[in-house]
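The values are calculated or read from the model by the stated rules, or taken from the named source; none is laboratory data. On a predicted model such as this, the values are computed, not experimentally measured, just so you know. Cβ coordinates were reconstructed from backbone atoms using ideal geometry, including for glycine residues, and neighbour counts include every protein chain displayed.
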Ligand SMILES: Cc1ncc(COP(=O)(O)O)c(C=O)c1O
């Protein structure tokens, strides 16, 4: 079966792990610090604004506390969002307010967001779908106009920039995921970005029990270094040197990964344009850089599900991301989201990862041709 997503790991990561074993330090240490520094450079920011954590979902949940979202506050999110975003909002007692999206990029636009703003709107939790940057000029203007805090879910946007600025660095807080199915992978891990060093410091404490002082060698308590105080009832959600060692190697490989992903994207575009029932992913404006995390098409003849099943039966695994939150009964949010409904019923994410071989790609096109001849 050709996987829809897949990590790419090599001997470089193994060798880096070996060195961690030899160092006898597996916890949060030098490698985590180095990864934070290098990642900050990669996103053209600074190291006093970034902080690692154990997964991006933790970042979503923690954003509610860090930005002081209170029960009863309204938080807007696109209905096409990752489930962890919905859970984060609901778990803190805030009201989840959904907005519609662009039917083709699947990103929320300023006009979609503005329709659902009320005096109780405290924050916007924005998804850059598959790393495609949202239209940030308009969205930033909206946030300023209505005094709304911005949290960016840039989980898949590890190489995504809008007018030269990394997605994830526009809002009060942003985040990227390095879980097993992302582009830069380390098993589990994430990077958070903050708009001020103060917020970063607050997050640093929150993600380690709210401790005011660190235990062990670093503790400033000269005599009894086992004493401590806390500033909040924080979590324990940190990265460690094992995952950071892998992440450092992966970071070096990003340019190579982007080249391959762009190649796959263009290959699909070239070979799928012959099928009138397939709508190719939208062409993006030249002032954005995407991460090519998804290759999403739209099947305009009502046969998306049949097509996905046919591909799966012939060795090609596909999926649809993300199931709209207004269709999740557990959230109890209803409303009219025609574009999201169109997207959810017709979009399909084809295999996209840097380990796809030419043989894989040829097979995928071959199976699609067969489907076309039999059913379209
Ligand atoms: C858009 C989006 N946000 C957040 C996450 C959560 O990332 P993690 O697995 O690191 O918790 C995911 C994971 O798939 C995601 O796709």
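With the structure loaded, tell me whether residue 342 is in contact (Cβ under 8 Å) with a residue 60 or more places away in the chain, closer than 26 Å to residue 102 by Cα and within 16 Å of the ligand (Cβ to nearest atom) or whether it fails that test.
Judged against the criteria, residue 342 is not a match.
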message: Considering only segment 26-47, I want to know if a residue exists there that is within 14 Å of the ligand (Cβ to nearest atom), within 22 Å of residue 206 (Cβ to Cβ) and in contact with a helix residue (DSSP H, G or I) (Cβ under 9 Å, 6 or more places away or on another chain).
response: no
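May I ask you to say which residue of 145, 165 is in contact with a helix residue (DSSP H, G or I) (Cβ under 8 Å, 6 or more places away or on another chain), modelled with pLDDT of 95 or more, over 21 Å from residue 332 (Cβ atoms) and surrounded by fewer than 19 Cβ atoms within 10 Å (Cβ to Cβ)?
Only one candidate passes the filter, namely 165.
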query: Just wondering, is there one or more residues in segment 126-133 that are assigned to a loop (DSSP other than H, G, I, E, B) and either surrounded by fewer than 20 Cβ atoms within 10 Å (Cβ to Cβ) or in contact with a helix residue (DSSP H, G or I) (Cβ under 7 Å, 6 or more places away or on another chain) (or both)?
result: no
field: Scope segment 230-249; condition part of a helix (DSSP H, G or I) and in contact with a helix residue (DSSP H, G or I) (Cβ under 7 Å, 6 or more places away or on another chain); matching residues
entry: 241, 242, 244, 245, 246, 247, 248, 249
- prompt: Since residue 44 meets every condition but one in (1) surrounded by 14 or more Cβ atoms within 10 Å (Cβ to Cβ); (2) in contact (Cβ under 8 Å) with a residue 40 or more places away in the chain; (3) under 23 Å from the mean Cα position of the chain (by Cα), which condition does it not meet?
  reply: (1)
query: Out of 59, 72, which single residue is out of contact with any helix residue (DSSP H, G or I) (no Cβ under 8 Å at 6 or more places or on another chain), in contact (Cβ under 8 Å) with a residue 24 or more places away in the chain and surrounded by 22 or more Cβ atoms within 10 Å (Cβ to Cβ)?
result: 59
- prompt: Looking at residue 103, is it away from the ligand (no atom under 16 Å from the Cβ), surrounded by 16 or more Cβ atoms within 10 Å (Cβ to Cβ) and either modelled with pLDDT under 95 or not assigned by TED's automatic domain parsing to the domain that holds residue 353 (or both)?
  reply: yes
statement: In segment 87-98, anything out of contact with any strand residue (DSSP E or B) (no Cβ under 6 Å at 6 or more places or on another chain) and either surrounded by 24 or more Cβ atoms within 10 Å (Cβ to Cβ) or under 21 Å from residue 207 (Cα atoms) (or both) is listed as 87, 88, 91, 92, 93, 98
